[in-house]
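The values are calculated or read from the model by the stated rules, or taken from the named source; none is laboratory data. Quick caveat: nothing in here was measured; it's all calculated off a predicted structure. So basically every Cβ, Gly included, is an ideal-geometry build from the backbone, and we count neighbours across all protein chains shown.
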Amino acid sequence: MHAEMLVLRFSEKVVDQPIIYRLVKDYDLEFNLLKATIYPRQEGVIVMELRGHPKNFRRGLKYLREAGVKVQRVARDVRRNEERCYQCGTCTAVCPTGALYVQRPEMAVLFDPSKCSACELCCPVCPARAMEVRLNRSAL
């Protein structure tokens, strides 16, 4: 499962189209609306979390762009607070991208930020609350 926070900008020409419906129906994607400003015959803006199978996600983004929607990824930064982390490995069980993994034979829990999709699944399961998320709210 892949998830990203997106800002979608709809021109006045496409704001009345069932674009979000198409993402769900045609591409089997799930969404969580965080903010929306939509008015008839005016530019609309939606801030959402979009999630689904990586292939469907890519196809859905392609559809959005072809439909005339401007797509902007919200800059997210997931970090591990090394002082809090006590290497329990709980986060590795829920990480869908392999960004959190156990290095063997040392059994060290490692974090590769370049693989992180910022899905935040690691945050609620971490007993030490060592996984932290920062959003770039300037994009909102």
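What residue, among those in segment 17-27 that are surrounded by 14 or more Cβ atoms within 10 Å (Cβ to Cβ) and out of contact with any Leu (no Cβ under 6 Å at 6 or more places or on another chain), is nearest to residue 54 (Cα to Cα)? Spell out the reasoning first.
First, the residues of segment 17-27 that are surrounded by 14 or more Cβ atoms within 10 Å (Cβ to Cβ): 19-20, 22-24, 27.
Retained after the next criterion (residues that are out of contact with any Leu (no Cβ under 6 Å at 6 or more places or on another chain)): 19-20, 22, 24, 27.
Working: 19: 19, 20: 17, 22: 17, 24: 14, 27: 11 Å.
Among those that are surrounded by 14 or more Cβ atoms within 10 Å (Cβ to Cβ) and out of contact with any Leu (no Cβ under 6 Å at 6 or more places or on another chain), it is 27.
Could you run through segment 31-47 and say how many residues are of a type in the set (Asp, Glu) and part of a strand (DSSP E or B)? Going through segment 31-47 one residue at a time, the tally reaches 0.
For segment 1-16, a residue qualifies if it is surrounded by 17 or more Cβ atoms within 10 Å (Cβ to Cβ) and either within 30 Å of residue 93 (Cβ to Cβ) or without any contact (Cβ under 8 Å) to a residue 12 or more places away in the chain (or both), and the qualifying residues are 2, 3, 4, 5, 6. Among the residues of segment 9-30, none is identified as in a strand (DSSP E or B) and either among the β-branched types (Val, Ile, Thr) or closer than 22 Å to residue 134 by Cβ (or both).
Which is outside the structural domain of residue 11 (by TED's automatic domain parsing) and surrounded by 14 or more Cβ atoms within 10 Å (Cβ to Cβ), of 118, 108? If you could, list the steps in order and put the result at the bottom.
Working: 108 fails: surrounded by 14 or more Cβ atoms within 10 Å (Cβ to Cβ).
Of the residues listed, the single one that is outside the structural domain of residue 11 (by TED's automatic domain parsing) and surrounded by 14 or more Cβ atoms within 10 Å (Cβ to Cβ) is 118.
Tell me, please, whether a residue that is acidic (Asp, Glu) and either over 13 Å from the mean Cα position of the chain (by Cα) or assigned by TED's automatic domain parsing to the domain that holds residue 114 (or both) can be found in segment 7-22. Yes: segment 7-22 contains one or more residues that are acidic (Asp, Glu) and either over 13 Å from the mean Cα position of the chain (by Cα) or assigned by TED's automatic domain parsing to the domain that holds residue 114 (or both).
Among the residues of segment 72-87 satisfying the criterion of being modelled with pLDDT under 80 and not charged (D, E, K, R), which is nearest to residue 104 (Cα to Cα)? Let's see the steps before the verdict.
Let us first name the residues in segment 72-87 that are modelled with pLDDT under 80, namely 74-77.
Going one step further and asking which of them are not charged (D, E, K, R), we end up with 74-75.
Values: 74: 34, 75: 32 Å.
The residue in question is 75.
Within segment 28-38, take every residue that is modelled with pLDDT of 90 or more and within 23 Å of residue 122 (Cα to Cα) and give me the one that is surrounded by the most Cβ atoms within 10 Å (Cβ to Cβ). Across segment 28-38, the extreme among qualifying residues is 29.
Is it the case, given these coordinates, that residue 93 is small (Gly, Ala, Ser), touching a residue at least 12 places away in the same chain (Cβ under 8 Å) and under 21 Å from residue 130 (Cα atoms)? Yes; evaluated as a whole, the condition is true for this residue.
Listed by first and then second residue, the pairs with beta-carbon distance under 9 Å, at least 6 apart or on different chains, first residue in segment 51-77 and closer than 22 Å to residue 114 by Cα and in a strand (DSSP E or B), second among the hydroxyl-bearing types (Ser, Thr, Tyr) and at pLDDT 95 or above, are 52/27.
Selection of segment 17-32 for residues being within 23 Å of residue 94 (Cα to Cα) and without any contact (Cβ under 8 Å) to a residue 24 or more places away in the chain yields 30, 31, 32.
When you look at residue 41, is it surrounded by 15 or more Cβ atoms within 10 Å (Cβ to Cβ) and of a type in the set (Lys, Arg), yes or no? Steps first, please.
On the way: surrounded by 15 or more Cβ atoms within 10 Å (Cβ to Cβ): no; of a type in the set (Lys, Arg): yes.
Answer is no for this residue.
Taking the stated definitions as given, is residue 70 exposed (fewer than 13 other Cβ atoms within 10 Å of the Cβ) and closer than 21 Å to residue 5 by Cα? Criteria not met by residue 70.
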